[in-house]
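The values are calculated or read from the model by the stated rules, or taken from the named source; none is laboratory data. On a predicted model such as this, the values are computed, not experimentally measured, just so you know. Cβ sites come from the backbone with ideal geometry, for glycine too, and all protein chains shown count toward neighbours. All accessible areas refer to the heavy atoms of the entire protein, side chains included, with ligands and DNA or RNA removed. Shrake-Rupley method; radii C 1.70, N 1.55, O 1.52, S 1.80 Å.
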Amino acid sequence: MSDRKKVVVFDYGFGNVRSAERALAHVGADVEITRDYDRAMTADGLLVPGVGAFDACMKGLRAARGDWIVGRRLSGGRPVMGICVGMQILFERGIEHGVETEGLDEWPGTVEPLKAPVVPHMGWNTVTPAADSRLFAGLDADTRYYFVHSYAVREWGFEITADHIRPPQVTWATHGESFIAAVENGPLCATQFHPEKSGDAGAQLLTNWLATL
């Protein structure tokens, strides 16, 4: 039997699934692109990509029952990773062009227009990882990752109500202002940047993620 981790890239019509598939296969995962419920539920890891508008992504995800799949996986402690808008929809809500849309509400926070001299934020940027991050293990502080986005979450308001619960690890980046670049929260993690487009750095991050599955 193969000891390669099985990862499903969830295909709901709003993500560059082929790039994600290639990047995961490159670092040794057994990858499948599908929206099949059983395969998405039983895989070692589920990756949720996302491009475009928050509202359209949420509609596509719900049409494919992805919201239910993500919730069921997380309730069972099964890993899920979101990328770009796939990260944004994990927050409470998004506001684009005056349209407010409910997200999956796994984390409190609002996805809002990024306030910067140049938008979209497109290109390579450093990040400030959480001190005990597993995703960024082995990556230097000056490592750059590839971003393409015009919206972001600028505030982190997660409250820990019990001493035995480990707080989420939040990684930040700056483009005009500080915004959340990644979150690690038990089985759920996400990046605002694109690891599949971030060269060796992205490959190391995906390798680190596979090691947690």
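Data table
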item: Unique residue being on the phi < 0 side of the Ramachandran plot, open to solvent by 20 Å² or more (accessible area, probe 1.4 Å) and in a helix (DSSP H, G or I) when the list is 207, 174; result: 207
item: When residues of segment 68-101 are limited to those that are small (Gly, Ala, Ser) and in a helix (DSSP H, G or I), the one surrounded by the most Cβ atoms within 10 Å (Cβ to Cβ); result: 86
item: Segment 30-67 - residue that is open to solvent by 40 Å² or more (accessible area, probe 1.4 Å), in a helix (DSSP H, G or I) and not hydroxyl-bearing (Ser, Thr, Tyr) and, of those, farthest from residue 191 (Cα to Cα); result: 38
item: Within segment 106-141, tally of residues that are among the β-branched types (Val, Ile, Thr), open to solvent by 70 Å² or more (accessible area, probe 1.4 Å) and outside any loop (DSSP other than H, G, I, E, B); result: 1
item: Qualifying residue in segment 160-167 (condition: touching a residue at least 12 places away in the same chain (Cβ under 8 Å) and part of a strand (DSSP E or B)); result: no
item: Test: residue 155 is over 27 Å from residue 78 (Cβ atoms), in a loop (DSSP other than H, G, I, E, B) and open to solvent by 20 Å² or more (accessible area, probe 1.4 Å); result: yes
item: Some residue of segment 192-201 being outside any strand (DSSP E or B), surrounded by 18 or more Cβ atoms within 10 Å (Cβ to Cβ) and polar (S, T, N, Q); result: yes
item: Pairs with Cβ under 6 Å, 6+ apart, first in segment 145-158 and over 7 Å from residue 121 (Cβ atoms), second of a type in the set (S, T, N, Q) and not in a strand (DSSP E or B); result: 145/198; 146/198
item: Among (1) open to solvent by less than 70 Å² (accessible area, probe 1.4 Å); (2) touching a residue at least 60 places away in the same chain (Cβ under 8 Å); (3) out of contact with any strand residue (DSSP E or B) (no Cβ under 7 Å at 6 or more places or on another chain) - the single one residue 187 does not satisfy; result: (3)
item: Residue 12, sole failed condition from (1) in a loop (DSSP other than H, G, I, E, B); (2) surrounded by fewer than 20 Cβ atoms within 10 Å (Cβ to Cβ); result: (2)
item: Candidates 91, 147, 136 - the one that is closer than 22 Å to residue 209 by Cα and in contact with a Cys (Cβ under 9 Å, 6 or more places away or on another chain); result: 147
